[in-house]
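The values are calculated or read from the model by the stated rules, or taken from the named source; none is laboratory data. What you are looking at is a predicted structure, and each value in this text was computed from that prediction instead of being measured. A quick note on method: Cβ atoms are made from the backbone with ideal geometry, for glycine too, and the neighbour counts reach across all protein chains shown.
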């Protein structure tokens, strides 16, 4: 099996000006509607491109979940420089997220679901940690050929992702962020959480 996990030695690209122009973090986290009393989980937090802006919107914990300890160390360093103190660092995969059931108001997963071997198990675990009225914001690569990002065969189209979410108990709305990225705002279908 080909390794699909992001290489932490390339983490600098995640904070590049090009990425900021293409995917402005503040604009994108707005879709999650984070309030000051929300507990948030950033799945596949990486070096904190979205985690830091999320943490600045709430006074409650933001769980930065990543399987790669090097990425979490980079995030911790950035958070300390920016005096952001409400981030909790959790080394975990996304198929068995190291959080208790129904503890999170908002969940974000940006550019990570395509790396997970079992999408259904990961989405089931998102459902498990999310409170009944919670919101899940998923950001992914559209299934088009590009010079950047993962290979076309690793990408999941917005239509297919919407179907996966519906099969896993979510009602969702798709937002095209640009030609190559999409966001899906998903909420639990009542009675499925």
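Each row is one residue, and each column tells you yes or no for (1) out of contact with any helix residue (DSSP H, G or I) (no Cβ under 9 Å at 6 or more places or on another chain); (2) not in a loop (DSSP other than H, G, I, E, B).
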site: 161; (1), (2): no, yes
site: 166; (1), (2): yes, yes
site: 171; (1), (2): no, yes
site: 183; (1), (2): no, yes
site: 186; (1), (2): no, yes
site: 190; (1), (2): yes, no
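When we screen 133, 101 for residues that are at pLDDT 95 or above and out of contact with any strand residue (DSSP E or B) (no Cβ under 6 Å at 6 or more places or on another chain), the only hit is 101. Among the residues of this structure, residue 60 counts as one that is modelled with pLDDT of 95 or more, surrounded by 13 or more Cβ atoms within 10 Å (Cβ to Cβ), out of contact with any strand residue (DSSP E or B) (no Cβ under 6 Å at 6 or more places or on another chain) and outside any helix (DSSP H, G or I). Taking the criterion of being within 14 Å of residue 181 (Cα to Cα) and assigned to a strand (DSSP E or B), the residues of region 133-145 that qualify are 137, 138, 139, 140, 141. For region 146-159, a residue qualifies if it is over 17 Å from residue 177 (Cβ atoms) and either part of a helix (DSSP H, G or I) or modelled with pLDDT of 95 or more (or both), and the qualifying residues are 152, 153, 154.
Restricting 76, 70 to residues that are farther than 17 Å from residue 140 by Cβ, in contact with a helix residue (DSSP H, G or I) (Cβ under 8 Å, 6 or more places away or on another chain) and either part of a helix (DSSP H, G or I) or modelled with pLDDT under 95 (or both) narrows the list to 70.
Here the condition is being surrounded by fewer than 17 Cβ atoms within 10 Å (Cβ to Cβ) and free of Cβ contacts under 8 Å to residues at least 12 places away in the same chain; of 132, 151, 117, it holds for 151 alone. Annotation: of all residues in region 135-148 being touching a helix residue (DSSP H, G or I) at 6+ places or on another chain (Cβ under 7 Å) and more than 19 Å from residue 44 (Cα to Cα), the one that is surrounded by the most Cβ atoms within 10 Å (Cβ to Cβ) is 143. Is it true that residue 42 is part of a strand (DSSP E or B), closer than 19 Å to residue 185 by Cα and modelled with pLDDT of 95 or more? When the stated conditions are applied, residue 42 passes them.
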